[in-house]
There are 2 protein chains.
Amino acid sequence: MSEPERLSKRNAIRLENEQRILSAAEKVFAEAGFGGATMQLIADMAGLPKANLHYYFPTKEDLYREVVRKIFNIWLHAADSFDNAPGPVEGIGAYIDAKMEISRRHADGSKVWASEVMHGAPVIQDYLETTLRDWTAGRAALIQRWIDEGKMAPVDPRHLLYMLWATTQHYADFGHQIETLNGGKPLSDKQWKAAKESVKSIILRGIGAL
Amino acid sequence: MSEPERLSKRNAIRLENEQRILSAAEKVFAEAGFGGATMQLIADMAGLPKANLHYYFPTKEDLYREVVRKIFNIWLHAADSFDNAPGPVEGIGAYIDAKMEISRRHADGSKVWASEVMHGAPVIQDYLETTLRDWTAGRAALIQRWIDEGKMAPVDPRHLLYMLWATTQHYADFGHQIETLNGGKPLSDKQWKAAKESVKSIILRGIGAL
DNA sequence: TCGCTTCCTGACCGTATGGTCAGCTTTGAG
DNA sequence: CTCAAAGCTGACCATACGGTCAGGAAGCGA
């Protein structure tokens, strides 16, 4: 995060293994939930002995917390799309694009995040009350400004944000359902593009920004 | 389901206990997920000895399956709002109302459903491939008809349906997040009404039906 | 009342899981 | 080259969990 990290063999090994473990954990937690996931399965998937997992992450909860933290940061970063936008069409449009891309590229992480929140956010409640609360207040204010400037219809900024989160996240969390309804096949590139366009056009028109 | 069920004391006891168990199970599964839920906890919450649970529902999976089936039926029933509607404003509007009400009244069930789908629908895959697929095809056709009749803009019916599911379900599944962002308090009656109106107005305007 | 069925439950069991640890190997600074 | 620190792991442990079962209590048709 801060230091450039001299790449000694030790550091390389550490990074490599942590990465393998986190990656495997994300998948297993997404597929089975926290309670259903087992350290043994994560270890197998990472190609390491179980005891080695506990060397890097002392407890299952520590590992889980790290996975959640990781996706939360990706999630927050998508907010950048919002900034420096002259109006809702660019800002919200870019945000939808970014979040749809996250749903596609980080489907497992998204599921872990959804699961965590659904179960009452036992390990990231503090993030919700600080970082997320601030983030939300900031964006709501920005949306309100756009409304005041006549760039969009007077909708409740909070509910608009919830709608953005819901619609984009849905393509990850309910991906299996969508896939089933798509004849059992994952959405193609073309279909993903169509999904993005659908969401954008309905919402942007819905808030009177088009 | 079929017989009027003579209400002998036995039947009464059976119904009462099954209800208590299903109700407790819904809550526990929603809070902890399938893997994290324990029969002991469900038993305690239902006020019955654990062995009694296994008398009514032989395995944890049997119990879980029943909980999922129950919410799925409620979910499907909301579809009735769609029917006999002269156009999208009435049909989709009523559907949003119905699904928002489900999110409010059956938040636990909604979470269980979401969890089930998120984890690949291990126990209700067949429902997705039959009942849900048919349901979706029917509604998509209805929406297409409305488009052809010029009652709304030409949007992709599938993605519109996904959007309806996502936005309404969000208020149940991510209820904890919304509550946190609402100062830690559940949405009031007034706020729920505002949520419904926000969703309806954005979507109906978004599909050019207003 | 009889006798069969349903309902109920404490005690028990096998297993899987999260986690520990002693002792090994590898790395790299001095 | 030395040796302390970091990395690694097979074997092990305590616990908690899903599920079983023998045997008792309650309901109820005849």
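FYI, it's all coordinate maths here, none of it is from the lab. Note that this is a predicted model, so its numbers are computed, not measured. Cβ coordinates were reconstructed from backbone atoms using ideal geometry, including for glycine residues, and neighbour counts include every protein chain displayed.
Could you calculate the FRET efficiency of B:Gln144 with A:Ala194 from 1/(1 + (r/R0)^6), where r is the beta carbon distance between them and R0 is 22 Å, rounded to 0.05?
On the way: r = 15 Å, r/R0 = 0.69.
It comes out at approximately 0.90.
Pairs exceeding 19 Å between alpha-carbon atoms, taken from A:Lys200/B:Lys200; B:Lys60/B:Lys99; A:Lys27/A:Lys190: B:Lys60/B:Lys99; A:Lys27/A:Lys190.
Report the net charge of residues surrounding A:Met39, where surrounding means a beta-carbon distance below 13 angstrom and charges are Lys +1, Arg +1, Asp -1, Glu -1.
On the way: positive: A:Lys50, A:Lys60; negative: A:Asp44, A:Glu61, A:Asp62.
Cβ neighbours under 13 Å give a net charge of -1.
Please say if the protein assembly as shown is rounded, prolate or oblate, where rounded means a/c under 1.5 for a ≥ b ≥ c the square roots of the C-alpha gyration tensor eigenvalues, and otherwise the choice is prolate for a/b larger than b/c and oblate otherwise? Each step should come with its number before you reach the end.
Numbers: a/c = 1.71, a/b = 1.03, b/c = 1.66.
Oblate is the answer for the protein assembly as shown, as a/c is 1.5 or above yet b/c matches or exceeds a/b.
Can you bin region B:68-206 into rounded, prolate or oblate? Criterion: square roots of the alpha carbon gyration tensor eigenvalues sorted a ≥ b ≥ c, rounded for a/c under 1.5, prolate for a/b above b/c, oblate for the rest.
Values: a/c = 2.08, a/b = 1.16, b/c = 1.79.
It is oblate, given that a/c is not under 1.5 and a/b is not larger than b/c.
Of all complete DSSP H helices in chain A, those with a Cα span along the helix axis of 20 Å or greater and a mean Kyte-Doolittle hydropathy of -1.0 or more are A:9-36, A:60-77, A:88-105, A:133-148, A:157-173, A:189-206. Distance between the pseudo-spin-label points of A:Glu16 and B:His54 (7 Å out from Cα toward the beta carbon): 4.7 nm.
Sorted from closest to farthest, the other copies place their B:Gly138 label points 4.8 nm away, with each point set 7 Å from Cα along Cα→Cβ. Shortest first, B:Gly184 label-point distances to identical copies amount to 5.1 nm, with the label point at 7 Å from Cα along Cα→Cβ.
Peptide B:111-121 has a mean of 6 when you count, residue by residue, the C-beta atoms of other protein chains within 10 Å of its C-beta.
What average number of partner chain Cβ atoms lie no more than 10 Å from the Cβ of the residues making up B:156-166? Write down the numbers at each step before the final one.
Details: counts 8, 1, 7, 12, 3, 1, 10, 10, 1, 6, 11.
So the per-residue partner count for this stretch is 6.
Evaluated at q = 0.17, 0.20, 0.31 Å⁻¹, the base-10 log of the normalised Debye intensity for region B:9-58, with identical point scatterers placed on the Cα atoms, takes the values -0.45, -0.61, -1.21. Database remark: amide H of A:Ala153 closer than 5 angstrom to the amide H of A:Gly208, A:Ala209 (H placed geometrically; neighbours at sequence offset of 5 or more, or on other chains; Pro and chain starts carry no H). Between identical copies, the spacing of B:Lys9 label points, each set 7 Å from Cα toward the C-beta atom, reads 7.9 nm from nearest to farthest. Estimated from helices alone, the mean residue ellipticity of the protein assembly as shown at 222 nm is -23000 deg cm²/dmol (sum of -39500 (n - 2.57) over DSSP H runs with n ≥ 4, per residue). Within the shell of other residues whose beta carbon sits under 12 angstrom from the beta carbon of A:Lys151, the net charge comes to -2, with Lys and Arg scored +1 and Asp and Glu -1.
Dipole check for region B:68-206: with +1 at the C-beta of Lys and Arg, -1 at the C-beta of Asp and Glu, and the Cα centre as origin, the magnitude is about 340 Debye. Along the axis of the charge dipole computed for region A:22-112 (Cβ charges of +1 for Lys and Arg, -1 for Asp and Glu, origin at the Cα centre), the listed residues A:Ile74, A:Gly33, A:His54 are led at the positive end by A:His54.
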